[in-house]
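Read the structure below first, then the notes.
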Amino acid sequence: MNSIKTEIKWAFIFIAVMLSWMLMEKLTGLYGDHIVWHPIITNFVAIPAITIYVFALLNKRNKDYNGVMTYGQGFKSGLIITVIVTLFTPVTQYLTTEIIAPEYFPNAIAYSVEHELMTQADAEAFFNLKSYMIQSTIGAPIMGIVTTAIVAIFTRKKAT
């Protein structure tokens, strides 16, 4: 357990930051009056997400590997973080859509239908808790693996 203590810490930091981001989206009206901007603005969550992986792998390198880390060690560390985040994804999705922003699905459905982006049936099939839990549970490991693969390149360090 001690060997993955750093990954557990950073996985929960990641989860907390993502929930904070969702709260920020709600407070700025991206789930209501400004929903037109949601599909664009929500993509900026990648900035803190990638930053957390960078800090996590640097912390792992400096704390657990005495400042020296191979690509493989960094990749493994990032994968552990990704697995933990993925396991909690249904919980964070539930918290987001049922507690933080229960108005999101009805507003997204209404906006999509009103602007003829989807039919009512298609919008209802897409914008619901089950659909978002599936999407996020598939998306989390994909994005986590891609992020890890790239960040591990920049956080590796050979012994001098």
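A convex hull fitted to the Cα coordinates of the stretch 7-160 yields 100 cubic angstrom per residue. Using θ = phi - 60° in the Karplus curve 6.51 cos²θ - 1.76 cosθ + 1.60, the 3J(HN,Hα) couplings for the stretch 147-155 round to 4, 4, 4, 7, 5, 4, 5, 7, 9 Hz; x is entered for Gly and Pro. Springs join every pair of Cα atoms under 10 Å in this Gaussian network model of the chain, and among Ile134, Ile40, Ile50 the largest mean-square fluctuation is at Ile40. Structural descriptor for the chain: relative contact order 34 percent, calculated from alpha carbon pairs under 8 angstrom and at least 6 residues apart. Note on the chain: GNM, Cα springs under 10 Å; of Ile100, Ile41, Ile52, the largest mean-square fluctuation is that of Ile41.
Extension gain, Gln135 to Lys157, is 4.4 nm, computed as 0.36 nm per intervening residue step minus the present C-alpha separation.
Legend: ranking of residues His38, His115 from fewest to most surrounding C-beta atoms inside 10 Å; resulting order His115, His38. Summed over qualifying helices (DSSP H, 4 residues or more, each -39500 (n - 2.57)) and divided by its residue number, the chain shows a 222 nm mean residue ellipticity of -22500 deg cm²/dmol.
Since every read-out is calculated from the coordinates, none of them should be taken as a lab result. Nothing here was measured: the structure is a model prediction, and the numbers come from that model. Counting neighbours? That spans all protein chains shown, and the Cβs are built from the backbone with ideal geometry, glycine included.
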